[in-house]
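Peer 1: Pasting a structure here, questions to come.
The values are calculated or read from the model by the stated rules, or taken from the named source; none is laboratory data. Keep in mind it's a predicted model, so treat the numbers as computed, not measured. Because the Cβ atoms are built from the backbone with ideal geometry, glycine has one as well, and the counts that use them run over all protein chains shown.
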There are 2 protein chains.
Amino acid sequence: MDLTENKSGKRAMAKNNLPKFFKEIDKETWLVEDERDNMKLHYRVKEVISSEKSPFQHVNIIDSYDFGRCLVLDGVMQTTELDGYIYNEMISHVPAVTHENPKKALIIGGGDCGVASELSKYKELKEIDMVEIDEIVVKECIKNIPAIAANAANDERVNFLFEDGVKFVKGKKDTYDIAIVDSSDPVGPAEVLFSEEFYVDLKNSLKKDGVMVCQSQSPIFHKDVLKRTRSILKKYFPIVRTYKAVVPSYPGGMWSFTLASFKYDPLKANLSRLVSNTKYINKEIFKSSFSLPNFMIEDFEEK
Amino acid sequence: MDLTENKSGKRAMAKNNLPKFFKEIDKETWLVEDERDNMKLHYRVKEVISSEKSPFQHVNIIDSYDFGRCLVLDGVMQTTELDGYIYNEMISHVPAVTHENPKKALIIGGGDCGVASELSKYKELKEIDMVEIDEIVVKECIKNIPAIAANAANDERVNFLFEDGVKFVKGKKDTYDIAIVDSSDPVGPAEVLFSEEFYVDLKNSLKKDGVMVCQSQSPIFHKDVLKRTRSILKKYFPIVRTYKAVVPSYPGGMWSFTLASFKYDPLKANLSRLVSNTKYINKEIFKSSFSLPNFMIEDFEEK
């Protein structure tokens with residue numbers, strides 16, 4: 001592979017209209033994830049389906065060879081058709097089933113609409129407020145990744161609120177049964193979604209028996225984020241449980257979610273409420289996701 | 001990042017002695033995994049600790065920024081200090097505990113010595129035959145990755161047999177209590193380790209209550225290999241169980257292992273036999289690794 005080939009005029013031309021994280025290598029388009037210091041991933045791209053610049057970020061929908069259609073924000077893979085359902089199911093169904101009878105749900109972030117689509121499988125939910133700052137992300141996903149976004153787009157219970165989630169929850173009291181923080185990594189704009197102040201506001205937005213879940217990053221590569229998230233939530237909630245899932249398209253493979261709850265314990269959840277139209281989660285997976293490896297137990301000093 | 005920079009004489013020089021999958025990019029050395037069609041991974045390298053050419057392959061030990069010391073064969077990451085223990089523990093402890101009282105173990109492959117190191121934690125094992133075709137791999141790992149290989153290197157019960165595993169098992173009868181196939185991917189030399197003929201020979205090498213395990217690839221990216229492995233093993237063993245683990249340094253994250261057994265069922269194993277000096281596996285993880293996601297259950301048509 002001669003990487004200098006993309007200097008030729010012809011091949012460089014195709015790149016002119018695309019952000020620089022798309023590179024032409026050997027006449028093929030590749031998405032080059034460049035933001036990590038020590039690891040880079042290149043994904044071979046069939047087609048860049050859309051390329052928008054929102055007020056917040058570069059928003060691309062691509063069709064990739066291995067992962068199908070994908071949402072890419074500022075050059076970083078966010079959700080893929082191939083495995084996006086694993087993350088979206090795990091962050092959605094666990095709180096929806098842990099709460100005995102949720103009526104009103106809040107989603108912070110979740111621009112791919114995957115979480116809203118999963119929640120919409122619960123008939124008992126009457127309202128799903130999805131607060132996503134970037135309208136372009138939502139529009140592009142609804143238009144171009146229906147496998148992930150269509151359920152939400154077609155469900156009248158989903159309220160799309162294109163606002164800053166941090167401002168949205170500030171001052172909300174006693175409103176939601178479940179709240180899900182589907183943030184990107186805690187760098188740049190999403191950093192505040194990992195702050196203590198935000199978690200306190202979110203806690204206040206919950207009803208007295210409310211349940212919240214956040215993605216708490218890789219337990220291997222971001223041990224500090226996970227530990228910090230747990231210790232903040234433990235200050236405000238009597239029940240805090242971390243669970244895990246595999247996320248094939250994230251480097252690091254294993255991902256953690258942390259659930260915090262005033263009353264309902266996921267380890268005692270009534271699993272007959274779990275819907276069956278899922279690709280990943282089932283009762284066994286629900287239960288086993290709370291079994292943590294020794295190194296995590298040691299990290300939490302709960303041994 | 002200008003990838004043409006590595007054309008300069010000075011930077012190219014350092015590469016002269018290294019195989020071409022080590023590239024100089026922006027004055028840094030990177031391992032570029034190039035063998036996949038649709039995805040490439042680049043790992044930033046602190047130091048190439050050793051670079052050997054065995055009769056079978058390029059054998060490199062590197063120190064990498066994110067994964068610590070790693071074994072690299074023909075430019076493909078095989079085992080890393082950061083997460084190698086997950087794979088090695090899952091493929092070793094599950095058969096060692098499923099069998100009620102194993103005395104004699106066989107490992108096919110496993111050149112990094114991680115499986116032999118894990119098995120050596122079981123005092124009841126009297127003999128561990130490790131059959132690895134490439135002596136250079138074993139020597140380099142013992143010398144340079146003691147975190148993975150030292151236990152095996154220092155254990156007199158481990159017999160290092162530098163032979164072709166396929167030939168080794170041919171004709172063996174009624175010899176082993178447990179057998180572990182720790183192969184690389186089913187392309188090139190390891191392909192035969194996924195063949196029916198080999199599995200039949202391996203079956204014959206087991207005692208009447210023997211247990212075998214093989215790595216059966218990613219359930220997302222290599223569904224066909226997993227299905228084929230299961231259907232071959234089901235012809236010859238009454239008990240066939242697939243279990244899963246996360247393997248962060250493999251793209252695809254989730255990995256599958258398939259256990260085949262004449263008598264002992266891992267779902268009824270006596271988990272008090274599981275040793276406690278592990279980083280990943282514990283009783284809960286042992287049990288929960290057999291909980292499979294819906295898409296796998298559907299793939300197996302066992303629903």
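Matching residues to (1) more than 30 Å from B:TYR43 (Cα to Cα); (2) at the interface with another protein chain (Cβ under 9 Å from one of its Cβ atoms):
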| position | (1), (2) |
| --- | --- |
| B:VAL187 | no, no |
| B:PHE198 | yes, no |
| B:ASP224 | no, no |
| B:LEU233 | yes, no |
| B:VAL247 | no, yes |
| B:GLY253 | no, yes |
| B:SER291 | yes, yes |
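Peer 1: Let me ask something else about it. How many of the residues in the stretch B:267-280 are within 14 Å of another protein chain (Cβ to nearest Cβ) and under 21 Å from B:ASP182 (Cβ atoms)? Even if it seems obvious, please write down each step before you answer.
Peer 2: Applying the first criterion (within 14 Å of another protein chain (Cβ to nearest Cβ)) to the stretch B:267-280 yields B:267, B:271, B:274-280.
Applying the additional criterion that residues be under 21 Å from B:ASP182 (Cβ atoms) yields B:274-275, B:277-280.
Of the residues in the stretch B:267-280, 6 are within 14 Å of another protein chain (Cβ to nearest Cβ) and under 21 Å from B:ASP182 (Cβ atoms).
Peer 1: Sticking with this one: Can you tell me which residues in the stretch B:36-93 are more than 11 Å from chain A (Cβ to nearest Cβ) and among the acidic types (Asp, Glu)?
Peer 2: B:GLU47, B:GLU52, B:ASP63, B:ASP74, B:GLU81
Peer 1: Further, regarding this structure: So B:LEU202 ticks every box in (1) modelled with pLDDT of 95 or more; (2) crowded, with 21+ Cβ neighbours inside 10 Å; (3) not in a helix (DSSP H, G or I) but one. Which box is left unticked?
Peer 2: That leaves (3) as the condition not met.
For (1) in contact with a Cys (Cβ under 7 Å, 6 or more places away or on another chain); (2) part of a strand (DSSP E or B); (3) β-branched (Val, Ile, Thr), each residue gets a yes or a no:
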{"residue": "B:VAL166", "(1), (2), (3)": "no, no, yes"}
{"residue": "B:ASP174", "(1), (2), (3)": "no, no, no"}
{"residue": "B:ILE178", "(1), (2), (3)": "no, yes, yes"}
{"residue": "B:ASP209", "(1), (2), (3)": "no, yes, no"}
{"residue": "B:MET212", "(1), (2), (3)": "no, yes, no"}
{"residue": "B:PRO219", "(1), (2), (3)": "no, no, no"}
{"residue": "B:ILE232", "(1), (2), (3)": "no, no, yes"}
{"residue": "B:TYR243", "(1), (2), (3)": "no, yes, no"}
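Peer 1: I'd like to know if the stretch A:111-121 contains one or more residues that are farther than 28 Å from A:GLU35 by Cα and among the basic types (Lys, Arg).
Peer 2: For the stretch A:111-121, residues farther than 28 Å from A:GLU35 by Cα and among the basic types (Lys, Arg): present.
Peer 1: Residues of the stretch A:260-290 being of a type in the set (Ser, Thr, Tyr), free of Cβ contacts under 8 Å to residues at least 24 places away in the same chain and in a loop (DSSP other than H, G, I, E, B), which ones? Give the derivation first.
Peer 2: Of the residues in the stretch A:260-290, the ones of a type in the set (Ser, Thr, Tyr) are A:261, A:264, A:272, A:276, A:278, A:280, A:288-289.
Imposing the further condition that a residue be free of Cβ contacts under 8 Å to residues at least 24 places away in the same chain reduces the set to A:272, A:276, A:288.
A:SER276 - this is the single residue of the stretch A:260-290 that is of a type in the set (Ser, Thr, Tyr), free of Cβ contacts under 8 Å to residues at least 24 places away in the same chain and in a loop (DSSP other than H, G, I, E, B).
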